[in-house]
């Protein structure tokens, strides 16, 4: 305390300046504690890229298995995000309104897939929708067979990834003050109009960031997919499955696909942090 | 500025500390020679048999702790060549041990064949697709599950299908039609067994030993000898093993009459019986 007072005086002696340097040196020491964690996470990520040249990546990606995997991952994760938005937005709205008597129960239920091991999700889906189960048999009568189909990949991804969108959207809805909604209601807006013209525009950033989180998670889904949907190139073999299986034959293809997933996830998350945050700052300035 | 210099200095210190870490494990194992930990890398299909063998070996050699790493043979080879600390490698196919020999990880004269296995077709207990013969594997709409083409199972299944397609008893496009029925290439043989036992698939092709591990939920359709494959299981101590003598003892134990009795109980065939 006393030191700070001396330091703030306009006339600094040489001794003072030295002590300030020492103190700043001492104060920044804690930053060294961040090094192990940064190194621990950074080194493996860097190692993926170290053994790769752009040509190797390009050549590995020409293989039919890689092309099929990328196409399938893009398709299924896109459908997963769409399904999450369509079926998840009402859930998010319900959770945010906190009207339901089973509020905590429902909230926890939605949280559950994000903490469960994906293998549990896969087994659960298989036991619920598999061919030998009552639901599976009803579906089979309708001519629908879920296991080993692309639809099963989407189901596995949605089960694991949709909660991320729902939670993010619910937080976004909650950030809209109830005064604004009441004011709109006083002006004669009905419930749908309030949602469409007040809540949705104010919460869109949370919806978009929720979509991106769900998308990244869906792209990376492995455990539930390999158990529930199996592994067939072109139909259920997404990028993470191709990486896992490919590791046993062709390290380069596996590394190239890994590199693509890393670049994709990094860009998505970075975009979330920069673009969306900048927008928030702008709104605040206005 | 200063803080950046400090960070640079500390980075160097941390790097130095990290580089010092490497030789320590060796020092640790030297300080406690009586407690030997033997790490055995074994193919997934050996899980039950080797777990029992490990327990038996431990009771006969006090102070020895046998730990296992069970996985696909090709995964194991990857891990070993990336420097995983293994003492013994037991593979489900000769090719993987051959590769390890080629990479200088195993001395060629230390490789022994300790068991053989054969392929069978497995069906769910109630056989929903009503498969009675091998030729029905091509029946349209049949849901067939196989091991990953990249693993040893994939190679063996392809060998069987090649032999069948070449024989008089099957049409020449047998192999293509069978592959067209595949709904999933599972990453492990256990995955194939589970998918069939859960009735998700109508049929699968696995080793006889894997089929026996879930015998109560499966029907087994034999593959005749002339179409079957010679799946041999080689075992060898690794050159880099710090417990080479103990590793060699474990190999001898697997080959011993006692070891062979255990393996036979799990459905493995003896190494040289024609």
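The values are calculated or read from the model by the stated rules, or taken from the named source; none is laboratory data. A quick note: this is a predicted structure, and the numbers were derived from the prediction, not measured. Here the Cβ positions follow ideal geometry from the backbone for every residue, glycine too, while neighbour counts run over all protein chains shown.
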Open item on the list: Suppose we keep only residues that are more than 22 Å from residue A:241 (Cα to Cα) and in contact with a strand residue (DSSP E or B) (Cβ under 8 Å, 6 or more places away or on another chain) within the stretch B:157-183. Which one would you say is surrounded by the most Cβ atoms within 10 Å (Cβ to Cβ)?
Closed with: B:178
Open item on the list: Based on this model, can you work out whether residue A:56 counts as surrounded by 14 or more Cβ atoms within 10 Å (Cβ to Cβ), within 14 Å of another protein chain (Cβ to nearest Cβ) and at pLDDT below 90?
Closed with: no
Task: Counted residues, the stretch B:238-274 - those being in a loop (DSSP other than H, G, I, E, B) and either within 15 Å of residue B:90 (Cβ to Cβ) or free of Cβ contacts under 8 Å to residues at least 40 places away in the same chain (or both) - done: 7
Open item on the list: Among the residues of the stretch B:22-44, are any modelled with pLDDT of 50 or more and assigned to a helix (DSSP H, G or I)?
Closed with: yes
Open item on the list: For the condition under 15 Å from the mean Cα position of the chain (by Cα), within 18 Å of residue A:112 (Cα to Cα) and assigned to a helix (DSSP H, G or I), what is the one hit in A:206, A:216, A:168?
Closed with: A:168
Open item on the list: Tally up the residues in the stretch B:191-228 that are assigned to a helix (DSSP H, G or I), within 14 Å of another protein chain (Cβ to nearest Cβ) and in contact with a helix residue (DSSP H, G or I) (Cβ under 6 Å, 6 or more places away or on another chain), please.
Closed with: 3
Task: Per-region count, the stretch A:83-113, residues exposed (fewer than 14 other Cβ atoms within 10 Å of the Cβ) and part of a helix (DSSP H, G or I) - done: 11
Task: Selection count where residues are away from chain A (no Cβ under 14 Å), touching a strand residue (DSSP E or B) at 6+ places or on another chain (Cβ under 8 Å) and surrounded by fewer than 17 Cβ atoms within 10 Å (Cβ to Cβ), scope the stretch B:62-82 - done: 4
Open item on the list: Would you confirm, using the coordinates I've provided, whether residue A:128 is modelled with pLDDT under 90 and within 14 Å of chain B (Cβ to nearest Cβ)?
Closed with: no
Open item on the list: Going by what's in this entry, would residue A:226 be described as surrounded by 23 or more Cβ atoms within 10 Å (Cβ to Cβ), at pLDDT below 85 and assigned to a helix (DSSP H, G or I)?
Closed with: no
Open item on the list: From the list B:128, B:85, exactly one residue is part of a loop (DSSP other than H, G, I, E, B), within 14 Å of another protein chain (Cβ to nearest Cβ) and in contact (Cβ under 8 Å) with a residue 40 or more places away in the chain. Which is it?
Closed with: B:128
TODO: Select from the stretch B:139-156 the residues that are touching a strand residue (DSSP E or B) at 6+ places or on another chain (Cβ under 6 Å) and part of a helix (DSSP H, G or I) and write down the one among them that is nearest to the other protein chains (Cβ to nearest Cβ).
DONE: B:154
Task: Residue selected from the stretch B:172-190 under the condition in contact (Cβ under 8 Å) with a residue 12 or more places away in the chain and farther than 23 Å from residue A:150 by Cβ, by the criterion farthest from the other protein chains (Cβ to nearest Cβ) - done: B:174
Open item on the list: Just checking, does the stretch A:234-245 include any residue being surrounded by fewer than 23 Cβ atoms within 10 Å (Cβ to Cβ) and facing chain B (nearest Cβ under 9 Å)?
Closed with: yes
TODO: Please give the number of the condition residue A:231 fails out of (1) within 13 Å of chain B (Cβ to nearest Cβ); (2) touching a helix residue (DSSP H, G or I) at 6+ places or on another chain (Cβ under 7 Å); (3) touching a residue at least 60 places away in the same chain (Cβ under 8 Å).
DONE: (3)
